[in-house]
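Here the structure comes first, spelled out in C-alpha cells, and everything after it is commentary.
Laboratory data are not the source of any read-out in this text; all were calculated from the coordinates shown. Bear in mind that the values here come from a model prediction, so they are computed numbers and not experimental data. Here Cβ is always computed from backbone atoms with ideal geometry, including for glycine, and neighbour counts include all displayed protein chains.
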Amino acid sequence: MIDVNTAGEVWIFAEQRDGQLADTPLELLSKGRELADKLGVKLAAVLAGHNVSGLSAQLGHNGADKVYLVEDPLLEHYQTNPFAKVLDELIRKHRPQIVLYGATPVGRDLAPRVASSMKAGLTADCTDLQIGDHEVKKTGTVYKNLLFQIRPAFGGNIIATIINFDRWPQMATVREGVMPMPEPDTRRKAEIVREKATLSGRDLPIEILRQEIQERKVNLKASRVIVAGGAGVGSKENFKLIYELAHSLGAAPGATRAAVDLGFVDRDHQVGQTGTTVRPSLYIAVGISGAIQHQAGMSESKKIIAINSDPEAPIFNLAHYKVVGDLNTVVPMMIKAIREKV
Amino acid sequence: MSYNCVVLVKQVPDTKRITVRAMNDDGTVNRGALPAVFNPEDLNALELALDIKDCYGGRVTVMTMGLPAATGVLREALYRGADEAILITDRRCAASDTLATSYILSCAVSKVDYDIVLCGRQAIDGDTAQVGPQIAEKLGITQVTYLERIIELNGRTLVARRNIGNGRQEVRTLLPVLMTVIDEANEPRVAAAKRLMRYKDAASRAEIEATGVNDAMDRAKAIEEKGLLIKQWDLDGIGADLAWCGRDGSPTKVHRIQSVVLEAQESKAVEATAGAIAAMVHELIEDHTIG
C-alpha cells in the first residue's frame, strides 16, 4: 500500500492488444477526466507493451494529460506477472490516488494481482464512480474527496458504494460499456513520461502457445436498436424471428443468458450481467421474462418494448411499451408495420 | 506422477433463483431468505480436481472459509469424491474483503502439500473474481485464470486452454499453479450414492456447537470416532497475522448499500393486434427512436 496522497494523479490502465487500444481505456479516460477535474489533479494513462508509443497520441486526444510509457519486448503479449510488476513499480514510484482498470478479462486478471502485491483495496466491476466524502461514525472523522466505487452486488439486487480511506491507491475495475466514450480532440497532447521496467525472462512464467481471437460477430454496444430474445422464443429455429425483426430495423440481435444456454444463439449476443451491458435508444425484449441479471445489462436503455405472453413477467416493470401476447404473432405484425412505414 | 489439488469453495446465497418468497414488499431482496448453495463455478473447480485425481492419482483437499453452516458445501464435496475437507471458521474473519479473504485462504493453503490450487472464477454473491488471483500472488505462484480445459499434465508441466473473452489461448507453465475455472470447463458430477451414505453424518465441531445442543462435545466425539469429524481451523491454527484479517485487514469499506427496487415506469399497454402494433411502430418513428 501507499500512504494517502491527496495530490496524487488519477490513472487508467491503457489495455492494448497488438498495438490497438480497445474501447475500454477510452471509456476510462472519459470518466477519469471527470474525476481528475473534480480533484484538480492530472489524468494519466499507463501504457505498457512493445512498440506501442504510437498510441500515446490517441490517449492524449481522448483526455490523458500524461502517458507513462513502458516499452519492453517482454511486454509484447499480455501475461499477468510482468504487467503486474510494471504497475506495482510505477504506483510505488508516483503514488497516484486512483487507478482504474477495465473490467475486461485482462483487467480482471491483472488488477487483483496488483492489489494483492500492493496490499491495497480493489472494487470489481464498478458501474459508476464519483467523488464524495465519508464519515466514520464511531470517531466522527470525515475523509474528503474519496473515490466512491459503485457496483451492483448480490446478483444485481443491491447497489454498493465502496470506499477505501486509509490504504491507497483507490483501485477499481470498471465494467465495459457503462461509461460514455469521450469526444476526441486532436489538438490535445499528452506529455509522455518514459519509464523502464525491471523485467527478466524469470518474470514470464507463462508461455503462450497459441491464441485464437474471434472478433465479435455482433457489436451490441454500438447499436442504437437491439432486438433480444429469451428462453420464451422456444427454439433455435424460432430465433429466426429475432434476426428478422432486427434486420428490418437495422438492429443488433441480442439474447438472454437462458437463450444462450439453451443453444438458440451464441454467447456473443448475450446481454446482461455476465454478458454485454448495453444502453441503446430502443431495446425490444422478446420472450424475455426479465431476470435481474438480464435487467442489469439493459435497464439503461432509453425505450424498452417487452413482448411476452406472461402478463406477470418482471420485464414489464421496466417496459415503456408492454405487449402481452404470443411473440409468434406479434413479431411478424411488427415486421410488417416497420416494412410498410419505412 | 500424481498431483495434490486444493480446491477452494464458497457457500453462497442463491442469487440466481430469486423467488417471490425472497422478495420484500418494497421490491427489494430479502437476502436472509435465499437458500445457501455451493458456488456454481466452484463445483467446476472441484470437478477438475477430481478429474485430475482420476487420471493421475493424488489427493483432493477442499477448503472453505465461512460460518459453521458452510460445512454443508464441504459435505457436498465429500459426497462427490474429495479426500479431505477443511473448514476455516473464526469470528475474526468477519467483514473480510477480498484482500483479507485471500490472505486467510493463502495461509490455510500453505499448511498443506499442494501442486495445484483450484477455485471457481467467481462467486455469484459478489462476482468479483478477485480472490483467486490474490491468493496466487500471496502464495507467489503462477495464476491461470478462466481455465476451460487442461490439455496436458506431464511431470511438472501444464498445458491448458483459457477462455479470454474474445477467443481462446493455450498456455504452458510449470507447477505449482493456481487456476480459476469457468462453468464451460466441465459438467460437475453429482453426489455418489455410496459416498453420500458414508459421509451424510460428517460434521464440523463448529457446526455441532452452533446447533446449541448441550451434549455438543459428546456428539463431536462420537462423530470423530466414526472418522467423520470435518477438520476445522481457526486463524491461530493457520498462523494468520490478525492485522491482515477481518475488518482491520480489509482496505475496502462499505460506504452505503442501496437495495434495487424494481419499479414500473411510465408505460403503455399495447394490444397484440396489427392496428395497435402499427400505431406503436408509428409512434417510435415519429419520435425518431427508429427509422
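Here are some notes:
- Inter-chain Cβ neighbour average for residues A:314-322, partner chain, 10 Å: 5
- Cα-based shape type of the stretch A:225-341, given that a ≥ b ≥ c are square roots of the gyration tensor eigenvalues and the cut on a/c is 1.5: rounded
- Listed by chain and number, the lysines whose C-alpha is less than 18 Å from the C-alpha of A:Lys236, apart from same-chain residues fewer than 8 away, are A:Lys217.
- Listed by chain and number, the aspartates and glutamates placed with their C-alpha closer than 13 angstrom to that of B:Lys111 are B:Asp234, B:Asp236; residues fewer than eight positions away on the same chain are left out.
- Sites B:Glu225 and B:Ala69 - FRET efficiency at Förster radius 25 Å, r taken between beta-carbons, to 0.05: 0.60
- Shielding value for B:158-167 is 5, the average number of Cβ atoms from other chains within 10 Å of each residue's Cβ.
- Bridge type composition, the protein assembly as shown - antiparallel percent by DSSP, nearest 5: 35
- DSSP finds beta bridges in the stretch A:10-203, and of those with both partners inside it, around 35 percent are antiparallel.
- Helical contribution to [θ] at 222 nm, DSSP H n ≥ 4, -39,500 (n - 2.57), averaged over chain B, rounded to 500: -8500 deg cm²/dmol
- Extension reserve of the A:Leu74-A:Lys38 stretch, reckoned as 0.36 nm per residue once the Cα distance is removed: 9.3 nm
- For peptides B:279-285, A:59-65, A:22-28, sequence by mean Cβ density within 10 Å, most packed first: A:59-65, A:22-28, B:279-285
- A Gaussian network model of chain A, with springs between Cα atoms under 10 Å, assigns the largest mean-square fluctuation among A:Gln211, A:Gln58, A:Gln149 to A:Gln211.
- The lysines within cross-link reach of A:Lys221, meaning a Cα-to-Cα straight distance under 20 Å and a gap of 8 or more places when in the same chain, are A:Lys31, A:Lys302, A:Lys303.
- Taking N as its residue count, the alpha carbon Rg of the stretch B:74-211 over 2.2 N^0.38 Å: 1.16
- Counting every pair of alpha carbons in the stretch A:43-110, the share spaced more than 13 Å apart comes to 67 percent.
- Selected from A:Ile98, A:His77, A:Ala57, residue furthest toward positive end of dipole (the stretch A:10-203; charges at beta carbon): A:Ile98
- Of the DSSP H helices in chain A, those with a Cα length along their own long axis of 18 Å or more and a mean Kyte-Doolittle hydropathy reaching -1.0 comprise A:23-39, A:80-94, A:105-118, A:327-341.
- Solvent-free Debye calculation, one equal scatterer per alpha-carbon of chain B: log10 I(q)/I(0) at 0.12, 0.15, 0.16 Å⁻¹ equals -0.83, -1.18, -1.32.
- Debye-sum result for the protein assembly as shown in log10 I(q)/I(0), which assumes one identical scatterer on each alpha carbon, at q = 0.07, 0.09, 0.10 Å⁻¹: -0.48, -0.79, -0.97
- Amide N of the stretch A:25-69 lying under 19 Å from the label point, which is placed 7 angstrom from the Cα of A:Thr6 along Cα→Cβ: A:35-43
- Maximal additional length on extending the B:Ile257-B:Lys111 stretch stands at 48.9 nm, based on 0.36 nm per residue less the C-alpha distance.
- Histogram of C-alpha separations across chain A, 10 Å bin width, %: 5, 23, 28, 22, 15, 6, 1
- Inter-label distance, A:Ser200 to B:Arg91: 4.9 nm, where each label sits 7 Å from its Cα along the C-beta direction.
- Approximate spin-label separation A:Lys236-B:Ile151, in nm, with each point projected 7 Å along Cα-to-Cβ: 2.6
- Cα-based shape type of the stretch A:244-303, given that a ≥ b ≥ c are square roots of the gyration tensor eigenvalues and the cut on a/c is 1.5: oblate
- Helix-only CD estimate at 222 nm, as mean residue ellipticity for chain A, using -39500 (n - 2.57) per DSSP H run (n ≥ 4): -8000 deg cm²/dmol
- DSSP bridge orientation in chain A - percent antiparallel, rounded to nearest 5: 25
- Selection from A:Thr141, B:Ile182, B:His255 lying farthest towards where the dipole of the protein assembly as shown points positive, charges on Cβ: A:Thr141
- Percent RCO, i.e. relative contact order, over the stretch A:225-341, from Cα pairs under 8 Å lying at least 6 residues apart: 25
- Sites B:Ala193 and B:Glu84, calculated FRET efficiency, Cβ-Cβ separation with R0 30 Å, nearest 0.05: 0.90
- Top positive-direction residue, dipole computed over the stretch B:5-244 with Cβ charges, set B:Gly66, B:Val213, B:Cys5: B:Cys5
- This ranking places A:Tyr68, A:Tyr243 by how few other beta-carbon atoms lie within 10 Å of each, fewest first, which gives A:Tyr243, A:Tyr68.
- The mean sequence distance of close C-alpha pairs (under 8 Å, at least 6 residues apart), as a share of the length of the stretch B:119-193, puts its relative contact order at 32 percent.
- Chain B: relative contact order in percent, alpha carbon pairs under 8 Å with at least 6 residues between: 22
- Test item: A:331-337 mean partner chain Cβ contacts at 10 Å: 5
- When you work out D = kT/(6 pi eta Rh) for the stretch A:57-157 at 10 °C and 1.306 mPa s, using the Kirkwood radius from C-alpha pairs as Rh and the Stokes-Einstein form, the result is 99 µm²/s.
- Highest-fluctuation residue, A:Glu195, A:Glu89, A:Glu207 considered, GNM on chain A with Cα pairs under 10 Å: A:Glu207
- Highest-first packing order for the peptide set A:283-289, B:57-63, B:74-80 is A:283-289, B:74-80, B:57-63, based on the mean count of other beta carbon atoms within 10 Å.
- Cβ crowding within 10 Å averaged over residues, with A:167-174, A:266-273, B:180-187 ranked highest first: A:167-174, A:266-273, B:180-187
- Here the Kirkwood formula, the inverse mean of 1/r across different C-alpha pairs, assigns the stretch A:14-78 a hydrodynamic radius of 11.9 Å.
- Where a label projected 7 Å from the Cα of A:Val193 along Cα→Cβ would reach, residues of the stretch A:97-116 with amide N under 20 Å: A:97-102, A:114-115
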